[in-house]
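The values are calculated or read from the model by the stated rules, or taken from the named source; none is laboratory data. Since the structure is predicted, the reported quantities are computational estimates derived from the model, not experimental observations. Virtual Cβ from ideal backbone geometry, glycine too; neighbours counted across all protein chains shown. Note: accessible area is taken over every heavy atom of the protein model, side chains too, but ligands, DNA and RNA are not part of it. Shrake-Rupley method; radii C 1.70, N 1.55, O 1.52, S 1.80 Å.
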Amino acid sequence: MSAKLLDGVRVLDLTNVLSGPFATLHLALLGAEVIKIENPVDGDLARKLGNVPELNERLMGTSFLAQNANKKSVTLNLKEPEAKDIFLRLTATADVVVENFRPGVMERLGLSYAVLAEANPRLVYCAISGFGQTGPDALKPAYDQIIQGLSGVMAVNGDERLNPLRCGFPVCDTVGGLNAAFAIMAALYHRERTGVGQSIDVALVDSIMPLMGWVAANLLIGHQQPQLLGNDNFTAAPSGTFVTGDGAINIAANKQEQWEAVADELGVPELTRDPRFAKRDARKQNRRALTPLLEDRLKQDTTEHWVVRLNARGVPSGAILGLEEALSQPQVAHRGTVQAVCAEGIGELKLLGLTAQFGATPGAIASPPPRLSEHTEEVLGGLGLTRDDVARLRKAGVV
């Protein structure tokens, strides 16, 4: 059996909904013991979110299922002194604590990084928030769409007909989660060399901005405002989405030789000698004149025909798939991107797994997302609490 990269690493996961659970999901897929600390009433809000009402009522909504494989669920009412004491005892056994409360919540609970680090100086503590722990906007509430708007993401999407435009999935939350997972791994590596833990402050608004690096560089260095090009690539032409005889195709002729191959394959080699299209910058300036000339030819055959022909000439090309078709395509199956796991009372779940493939320490989905409080007795038993102790705590509303 292959070793797990994070074998022996214990993570206390206080997070809810998406950014934090997405971060800890990656740690769990790499073999860490991730213990979700949830409120005893209804747990992570994502348990109620999804398009299957029956699962929402059972506190196993699809939004929760998507982000919480390989984790354990322990319920603690952290407003209760006895629950705080249990959490501090768990912290002493942990390597990582992750939370995505609004700044100040952990301090008000009496569980700030300073308090937790006193219990465990080796602790890596990661706080994820919309705007960071300090600054003029730190205490503002934030969801993904708010961050998309404030980060500039919505402003650079779409075209003159449809702008501003949000991404079709919560990109800021997911990227913030990835940023947190990366930072936690780096801090664990630092701790292995020094023996010292530390706190990490991850802001969603910071996390998304580097993904706009090329667009931002054009503004910060080249003093050019973002262009609203819709499905066109601002760095080259022809590079974008084009109409074919039965739909649409993505073509990325980003190199000069690729442009020449496109023109040749479409039977219009004379366009490469047209001053409007001969060189990259000229083509970019005249893309609105070039696109219909190419589409006149592309409309004479199917997307599949042109994908095969252009790829054979070394021009990156592809169909535009619906999500269902994308998830089931042969290459995705070959990579094992979608994995199946059986969940009690639900049946087989198809979930997205770890997409980085490690040669020596592969990650995998080993257990389904947990039912609320499924592992409370197991984990607290590790602290010496008996089944009767846990029953008493449940009755008192502590767990």
Review point. Using a 1.4 Å probe, how large is the accessible area of Leu323, given in Å² and rounded to the nearest 10?
Key: 130
Exercise for review: Convert each backbone phi in region 57-72 into a coupling constant with the Karplus relation 6.51 cos²θ - 1.76 cosθ + 1.60 (shift: θ = phi - 60°), then list the ³J(HN,Hα) values in order as whole Hz, x for Gly and Pro.
Suggested key: 5, 8, 6, 9, x, 4, 5, 5, 4, 5, 10, 9, 4, 6, 9, 10
Review point. From the phi of every residue in region 28-35, what ³J(HN,Hα) in whole Hz does the Karplus formula 6.51 cos²θ - 1.76 cosθ + 1.60 yield, where θ is phi - 60° and glycine or proline is x?
Key: 5, 5, 8, x, 5, 7, 9, 10
Exercise for review: Mind listing the long-range amide H neighbours of Asp44? Cut-off is under 5 Å, sequence gap 5 or more, other chains count too, H placed in the peptide plane at 1.01 Å from N.
Suggested key: Asn39
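May I ask you to derive the relative contact order of the chain, considering only C-alpha pairs under 8 Å and at least 6 residues apart, and to give it as an integer percent?
Working: 712 pairs, mean separation 77.3, N = 399.
It rounds to 19 percent for the chain.
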Revision key, fill the gap. Region 102-168: spread of alpha-carbon positions along the three principal axes, whole Å, largest first, is 56, 22, 17
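From the square roots a ≥ b ≥ c of the eigenvalues of the alpha-carbon gyration tensor of the chain, which class results: rounded (a/c under 1.5), prolate (a/b over b/c), or oblate? If you can, show how the numbers build up before the last one.
Details: a/c = 2.55, a/b = 2.03, b/c = 1.25.
Cα axes put the chain in the prolate bin.
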Point to revise | Lys36 long-range amide H proximity, modeled H, under 5 Å | key: Asp13, Lys72, Ser73, Val74
Review point. Out of residues 5 or more away from Gln198 or on other chains, whose amide H comes under 5 Å of its own, with H placed 1.01 Å from N in the peptide plane?
Key: Val124, Tyr125
**Study point:** Label zone at Glu160, where the point sits 7 Å out along the Cα-to-Cβ direction: region 260-289 residues whose backbone N lies under 18 Å
**Key:** 284-289
Review point. Hey, any idea what % of the chain's accessible area is carbon plus sulfur with a 1.4 Å probe?
Key: 54
Exercise for review: Could you state the angle between the C-alpha long axis of helix 81-93 and the longest principal axis of the C-alpha atoms of the chain, as a value from 0 to 90 degrees rounded to the nearest 10?
Suggested key: 70
Exercise for review: Could you tell me the accessible area of His190 in Å² (1.4 Å probe, neighbours in place), rounded to the nearest ten?
Suggested key: 70
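Tell me the relative contact order for region 1-137 as a rounded percent, counting alpha carbon contacts under 8 Å between residues six or more apart. Provide the component values of the computation, followed by the final result.
Working: 236 pairs, mean separation 33.9, N = 137.
After rounding, I find 25 percent.
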Practice item. With a 10 Å radius around each residue's Cβ, average the other Cβ atoms per peptide and rank 288-297, 141-150, highest first. Key: 141-150, 288-297
Practice item. Heads up, I need the accessible area for Ser367: 1.4 angstrom probe, whole protein in place, Å², nearest 10. Key: 40
Check your understanding: Protein chains only, probe 1.4 Å: how do Trp214, Trp306 rank by accessible area, largest first?
Key -> Trp214, Trp306
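If you take every DSSP beta bridge fully contained in the chain, what fraction is antiparallel? Give it as a percent rounded to 5.
Details: 15 of 37 bridges.
Beta bridges within the chain, antiparallel portion: roughly 40 percent.
When the helix-only estimate is applied to the chain (DSSP H runs of n ≥ 4, each -39,500 (n - 2.57), divided by the residue count), what is the mean residue ellipticity at 222 nm, nearest 500 deg cm²/dmol? Please list the in-between numbers first.
Values: 19 runs with 160 residues, N = 399.
Value at 222 nm, helices only, nearest 500: -11000 deg cm²/dmol.
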**Study point:** Label-point gap, in nm, between Asp206 and Leu383 - each point 7 angstrom along Cα→Cβ
**Key:** 3.1
**Study point:** Hz values of 3J(HN,Hα) by residue in region 307-318 - Karplus curve (6.51, -1.76, 1.60), Gly and Pro given as x
**Key:** 4, 5, 5, 6, 4, 5, 8, x, 9, x, 8, x
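Where only protein heavy atoms count, and the probe is 1.4 Å, what is the accessible area per residue for the chain in Å²? Write out the running numbers ahead of the final one.
Values: 20340 Å² over 399 residues.
Per-residue accessible area for the chain comes out at 51 Å².
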Check your understanding: Once both labels are modelled 7 Å past Cα along the beta-carbon direction, what's the Glu57-Asp274 spacing in nm?
Key -> 6.2
